[in-house]
Amino acid sequence: MEGRQERTSLRHRTRYLFDRTLARSTGALLGWLALSCLAVVVPVSALLVWTDPGAPRSLSGRLTQVWRTSAETLRLGAATGAPLRMLLSVLLGLIALLCVSTVVGVVTTGLGDRLAELRRGRSRVVERDHTVVLGWSDQVFTVVAEVIAARPPGVRQVITVLADRDPAAMERALTAALGVTAGVRLECRTGVPADLGALALVAPGAARAVVVLPAEGTDGDLTVVRILLALRTLLGADGGPRVVAAVHEGRHLPAARLAAGARGTVLESDRTTARLLLQSARHPGMSSVLRDLFDFSGAEFHITDVPRAAGLSFEEAALRLEDSCAVGLLRADGHPLLTPAPRTVLEAGDRLVTVAHDDRPAPLTARRAPVDTAAMAPLRPPDEPPLRLLLLGWNRRAPLIVDTLHRTARPGSVLDLLTGPGPLPAGLAHGGDLSPLRVVHRPGDPAAPETLDGLDLLAYDSVIALGADPREGTAPQRADDQTLLAMLTLRSWEEETSRVLPVVAEMRDHRSRALAPLGPAGDVVVRGELTALLMTQIAHAPQLAAVFEEIFAVRGGALALRPAGHYVLTGRETSFATVVAAALRGGECAIGYRAHDPRTPRPYDTVRLCPGKSERRVWSAQDEILVLTPARADPAATGPVRAAALPGMRPQPGGAGGAGEDAPPDASGRKSV
């Protein structure tokens, strides 16, 4: 009806008036508070007086008693008599209440500000021999977990993380992922790691080691260089603790090395990941082998002093180590010599490079382990046929994979590249007509089932599925979605055809590994995980930097899985010492084996590292031996693999890790690196 208006209830009008009054000023709020208190205190006080048998009988006496009870409750004083006297008492009570409230407010505000400052992570760390982690990326969880795992039993460990994030959120994320470890304390501070003021909060000068994580984004490497320059400014060019950093792209390595200084080691994350993907494609299960070798939970590389080893040959020392495997020497001048000739003599000051389950000195047995020379297979070069690989997707690591294959593939090898529609990715034509690798580009969606159905998957030796490069604001889990779809399609093909297809997938988030639909020969490489493991190994034992430089940068893919028949006669029972001796005869160092067991759902994950030399077993033709190969014995190499490979570490003082192929031969006839 026209002109009709909805009536407003008394409740809503009262509520509206009350809200307007409260919004006017602080005085109105205090007035309403006073009225509310009186509305409660006065009636209750009157009830107490009227129900008290000892209360005065007269009305004036009872009203006076009500006043006293209310005044004492509100701390307004309890003076009685003339109205002026009572008013002055109320005034004094209000003044006292105001003073006390002001003091309480000042103390509360001060404590609140201090707590807020602590929560913001702006207090200075007062620690010594702690580990400092600068930056926040996907690798932070691996680095912190490995630093905790490397802690000696009973030793208190403090790990400080500085990043431009909320410190409470960082601590919650680390605690949720790693749990709470007794004797380990996390100290998270907020600030830009390249800022000198923020950097001083974590006391890097008193730290045992500083780890600079690779930064995400298009200018992430420049951020790492800036952090290294800030450390150099704060600590000096040659002073301070060991600094280990990582960048994504090789073109930023020279600047990062200069900024890191003499005590710094810089790794190249993208090339490390690319090399690991290729290693896993050539040798299924190699990813898990490298994780076992470079984390602190099992066997890993050590440099140990071996008493009474001087004067022994390398072969003699290797066969007198029962529970560890010798892979080389670290000369007294700091030069690493891996896979030396068996008759190389250990000199005073030399230390053994071993793979062992702990870092205690490797005890030499009284005599060398017995070797059954009759069980050794005839010495012959490894037979590696040409490879045919399928590469799904394209990212900034794909050109590194193609480049490495151009330089190391056997003649006749083929790389089929399946990428989205568009122009041919840059870098495919590298290698020229003389390259042993032929690259075939196939446009299509790598995650679409119909695209993969159009390929002859039986023709491929292995499939590499690349993850998309991270985009700004994209969650790590979402970046792996396309890779998971491609793996799901490949796994479905395996189940339908009852065939095994080696598939290695690159993931950004370590939590995606648990979701990946892996087949019997499937594997997942978490982007940057191996780099993070290498960083913590070097931070824990700086002398390993020269060894890793030799293994990865000079030799490229130095670790390989060879058939057991390459070393011993299959079908016969013999000791692992015989395998070690046979490998040494061919210039290789055996450090473990993978037994073939068809009953195992994932046989490629069962590599046994550092078995006892006296362990005996019947070796089958399907068993494989894990070996460290010499510099020119890469299974797919057609020429020397130079130090342009990975991970681009800075040569250590004294020349370690920098001589490469141009070093003069030593007394054994081998070239020292």
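Coordinate-derived values only; no laboratory data. Here the structure is a predicted model, which is why all the values come from computation and not from measurement. Quick reminder, even Gly has a Cβ in these numbers, built from the backbone with ideal geometry, and neighbours come from all protein chains shown.
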Protection proxy ranking of 511-521, 374-384 - average other beta-carbon atoms within 10 Å, highest first: 511-521, 374-384
Rg/Rg_globular for segment 131-262, with Rg_globular taken as 2.2 N^0.38 Å and Rg from C-alpha atoms: 1.01
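So if I take the alpha carbon set of segment 122-206, get Rg, then get Rh from the Kirkwood formula, what is the Rg over Rh ratio?
Values: Rg = 12.1 Å, Rh = 13.0 Å.
Ratio of gyration radius to Kirkwood radius for segment 122-206: 0.93.
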Footprinting exposure proxy for Met170, Met535, Met286 (fewest neighbouring C-beta atoms within 10 Å first): Met170, Met286, Met535
Listed peptides 456-462, 400-406 by packing density, highest first (mean Cβ within 10 Å): 400-406, 456-462
Residues Tyr604, Tyr567, Tyr16 arranged by fewest to most Cβ contacts within 10 Å: Tyr16, Tyr604, Tyr567
